[in-house]
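> Below is the structure I would like to discuss, written out as structure tokens.
The values are calculated or read from the model by the stated rules, or taken from the named source; none is laboratory data. These numbers were taken from a predicted model, which means no experiment stands behind them. Here the Cβ positions follow ideal geometry from the backbone for every residue, glycine too, while neighbour counts run over all protein chains shown.
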Amino acid sequence: MLSRSVRTLRTSSKLISKASVSIPVVASVQFSRSAAQPTTSTRGVAQLGHFEAPRHITNEYTKLFTKDDVKDWELLKQELSNFTTNPQTVPLVIGGKRIESGRETKQIVNPANIKQSLGTYAQATKEDVKAAIESSLEAKKVWADMPFADRSAIFLKASELISTKYRHKMLAATMLGQGKNVFQGEIDCIGELIDFFRFNVKYASDLYRSQPPESATGVWNRTEYRPLEGFVYAITPFNFTAIAGGLVGAPALMGNTVVWKPSDSAILSNYLLLQILEEAGLPKGVVNFVPGNPVEVSDVVLNDTNFAALHFTGSTKVFSSIWSTIANNVGKGVYRDFPRIVGETGGKNFHLVDKSANVENAAYNTIRGAFEYQGQKCSATSRAYVSESVWPEFKKILTETVDSITPTNCTQELQGFMGPVIHEPSFDKVSGAIKTIAEDPELELLAGGKFDKSVGYFIKPTVVQTKNIEHPFMRNEFFGPLLTVYVYKDAEIDNVLEKIDTTTGYGLTGAVFSTDRLSIRKYEERLRYAAGNFYINDKSTGAVVGQQAFGGSRLSGTNDKAGSAALVSRFVSVRSIKENFGELKSHLNPSNF
């Protein structure tokens with residue numbers, strides 16, 4: 001029987017040689033659910049064979065919440081009421097222990113109703129962060145040796161819990177805390193979150209199964225996918241509960257332990273997600289939940305010798321600052337390894353509508369791309385280039401539709417299309433930009449332009465036209481419901497393509513609308529590096545796990561493609577193993593005789 005201590009070793013069931021000797025795979029591993037007291041006794045047999053991911057992993061069904069879905073509406077209303085009548089007390093979670101006593105707290109606020117407190121959450125001290133790191137390192141002793149089948153089962157169980165038992169509760173938490181309407185919540189904290197968990201199991205299984213294609217006679221070559229040494233630091237954003245799950249879940253699935261700094265504006269859903277993972281069987285200390293001052297938390301984490309990887313989604317400015325800190329520490333010899341840096345930041349995402357486009361399709365896709373979830377998706381459409389040949393029709397649909405949209409509290413007006421922006425700094429940034437339109441001779445307000453934060457952080461969707469293809473509104477990311485349009489002459493298309501590619505430093509998403517196949521070919525080639533996700537006759541938002549892996553390069557991040565096999569490979573350290581069954585009889589080579 002073959003014995004091994006690390007369960008991520010994946011071997012072929014046959015020794016590849018002329019003799020084709022059959023080698024049964026029997027993994028013998030240490031197993032314990034207690035992170036505090038790892039087992040040191042004789043290892044028990046944990047698995048007899050290579051377990052594959054379930055064959056029929058597919059995208060989670062999206063509930064549409066039509067008027068006929070009466071039961072779903074009632075269950076959602078009940079969960080919304082539960083949260084609003086029972087404010088939550090969210091603690092730190094370190095090594096499985098709930099910590100709140102003696103800690104500074106902050107209010108959990110509904111951005112659509114800023115006078116409504118949804119509860120409080122504790123703020124981690126520097127000592128708490130150090131404790132979280134120690135807890136993750138202690139838990140790693142057991143978690144890294146847990147068979148892949150057991151780790152996978154936890155995430156598959158969590159997926160089932162989200163899909164069923166906690167579906168409406170998770171949806172309510174995301175809608176209340178993050179200002180989403182029901183459909184945007186459903187595709188985020190249900191569909192995409194579940195898809196990340198399930199597809200990552202498939203991707204990891206495929207990775208482990210990848211073994212050397214050749215072994216010489218009398219030799220067995222194999223590849224082991226080890227977790228990274230140390231711990232992973234996950235910094236997660238407010239705008240997608242699913243991203244929080246993906247940033248924490250992917251490294252954990254691969255045998256790593258995680259220190260998790262959630263966004264202050266997504267505490268409600270993120271804490272519920274942690275509770276679901278715990279119910280699914282996640283051992284204590286594998287994920288440590290430390291909301292707090294981002295600068296203070298990062299200062300402790302990034303200066304720890306055991307820091308192994310950053311998994312980040314947030315602003316380009318913050319990501320650049322963290323990268324600089326890591327680089328400086330590498331130069332000082334702070335870390336054991338060169339830390340992995342995986343990050344997705346912002347975008348200045350484009351739509352190009354040419355003279356051959358289906359105008360109605362292009363216009364409605366632009367409205368959805370720009371204003372679904374208040375333009376707060378990393379992939380949201382924020383600049384559009386429209387041919388003057390189709391502009392009159394496009395403008396009419398665009399402005400009339402946008403003028404009909406009124407942002408509202410979608411936890412009360414449940415069929416609302418658009419809610420608030422996330423917090424006061426976001427409101428001030430976008431409204432501040434809108435205020436400059438009237439005084440700028442290169443800008444013309446076409447629709448919207450109104451805002452009010454007396455009740456919630458509401459900004460009416462706003463469309464502005466510019467005469468300057470390189471105007472700051474075509475370069476700068478606002479991360480809110482503000483779309484800028486440049487109308488071009490058809491003969492100007494080559495210059496437009498150049499400006500799309502070079503006006504901003506971002507490279508996240510973009511879309512072209514055309515029915516001319518030769519033009520589509522031209523756009524696809526000329527804009528090759530302008531977007532990591534490129535859409536043809538579809539909006540710039542809405543990547544689906546397992547269908548369109550998501551991410552961009554340039555100032556938009558490291559393009560490691562969330563929702564793909566490429567991402568999980570970033571959280572392992574590969575070891576090549578060669579076992580020789582032959583024996584040397586001399587030091588001489590054949591050529592020496």
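> Go through (1) part of a loop (DSSP other than H, G, I, E, B); (2) of a type in the set (S, T, N, Q); (3) within 25 Å of R226 (Cα to Cα) for S576 and report which single condition fails.
(1)
> Among the residues of the range 463-471, is any part of a strand (DSSP E or B), farther than 30 Å from N113 by Cα and out of contact with any helix residue (DSSP H, G or I) (no Cβ under 7 Å at 6 or more places or on another chain)?
Yes; the residues of the range 463-471 include at least one that is part of a strand (DSSP E or B), farther than 30 Å from N113 by Cα and out of contact with any helix residue (DSSP H, G or I) (no Cβ under 7 Å at 6 or more places or on another chain).
> Here's another thing I want to ask about it. Specify the residue that is surrounded by the fewest Cβ atoms within 10 Å (Cβ to Cβ); the eligible residues are those in the range 432-454 that are of a type in the set (V, I, T) and over 30 Å from the mean Cα position of the chain (by Cα).
Our first condition is that a residue be of a type in the set (V, I, T); within the range 432-454, this holds for 434, 436-437.
Still in the list and also over 30 Å from the mean Cα position of the chain (by Cα): 436-437.
Numbers: T436: 12, I437: 20.
Checked the range 432-454; the qualifying residue surrounded by the fewest Cβ atoms within 10 Å (Cβ to Cβ) is T436.
> Same structure, new question: If N59 satisfies every condition in (1) within 24 Å of L277 (Cβ to Cβ); (2) of a type in the set (S, T, N, Q); (3) at pLDDT below 95 but one, which is the exception?
Unmet condition: (3).
> Is it true that T62 is of a type outside the set (K, R) and assigned to a loop (DSSP other than H, G, I, E, B)?
Answer is yes for this residue.
> Here's a check for you: in the range 91-146, which residue that is among the hydrophobic types (A, V, I, L, M, F, W, C) and in a loop (DSSP other than H, G, I, E, B) is farthest from V287 (Cα to Cα)?
Only one residue tops the list, namely A112.
> Counting just the residues of the range 166-202 that are part of a helix (DSSP H, G or I) and aromatic (F, W, Y), which one comes out farthest from H423 (Cα to Cα)?
Out of the qualifying residues, it is F199.
> While we're on this one: Looking at the range 212-235, can you tell me whether even one residue there is assigned to a helix (DSSP H, G or I), under 30 Å from C378 (Cβ atoms) and under 19 Å from the mean Cα position of the chain (by Cα)?
Within the range 212-235 (the criterion being assigned to a helix (DSSP H, G or I), under 30 Å from C378 (Cβ atoms) and under 19 Å from the mean Cα position of the chain (by Cα)), the answer is no, since none of the residues qualifies.
> If you scan the range 343-394, which residues turn out to be closer than 30 Å to A309 by Cα and hydrophobic (A, V, I, L, M, F, W, C)?
Listed by number, the residues that qualify are C378, A380.
> Turning to a different aspect of this structure: With (1) outside any helix (DSSP H, G or I); (2) in contact (Cβ under 8 Å) with a residue 12 or more places away in the chain as the list, and I162 as the residue in question, which single condition is left unmet?
(1)
> Output the qualifying pairs, or none if there are none: Cβ atoms under 8 angstrom, residues six or more apart or on different chains, first residue in the range 76-98 and outside the structural domain of V287 (by TED's automatic domain parsing) and at positive phi, second residue crowded, with 18+ Cβ neighbours inside 10 Å and small (G, A, S).
Filtered contacts from the range 76-98: no entries.
> Okay, moving on. Does T305 fit the bill of being over 30 Å from L518 (Cβ atoms) and not in a helix (DSSP H, G or I)?
Judged against the criteria, T305 is a match.
> Something else about it: For residues that are assigned to a strand (DSSP E or B) and among the hydrophobic types (A, V, I, L, M, F, W, C), scanning just the range 350-389, find the one that is surrounded by the fewest Cβ atoms within 10 Å (Cβ to Cβ).
L352
> When the range 524-571 is examined, which residues are found to be more than 21 Å from V496 (Cβ to Cβ), crowded, with 19+ Cβ neighbours inside 10 Å and of a type in the set (S, T, Y)?
T541, T558
> Looking only at the range 224-260, how many residues end up being charged (D, E, K, R) and crowded, with 24+ Cβ neighbours inside 10 Å?
Within the range 224-260, the first condition is being charged (D, E, K, R), and the residues that meet it are 224, 226, 229.
Right, trim to crowded, with 24+ Cβ neighbours inside 10 Å and you get none.
Number satisfying all stated conditions: 0.
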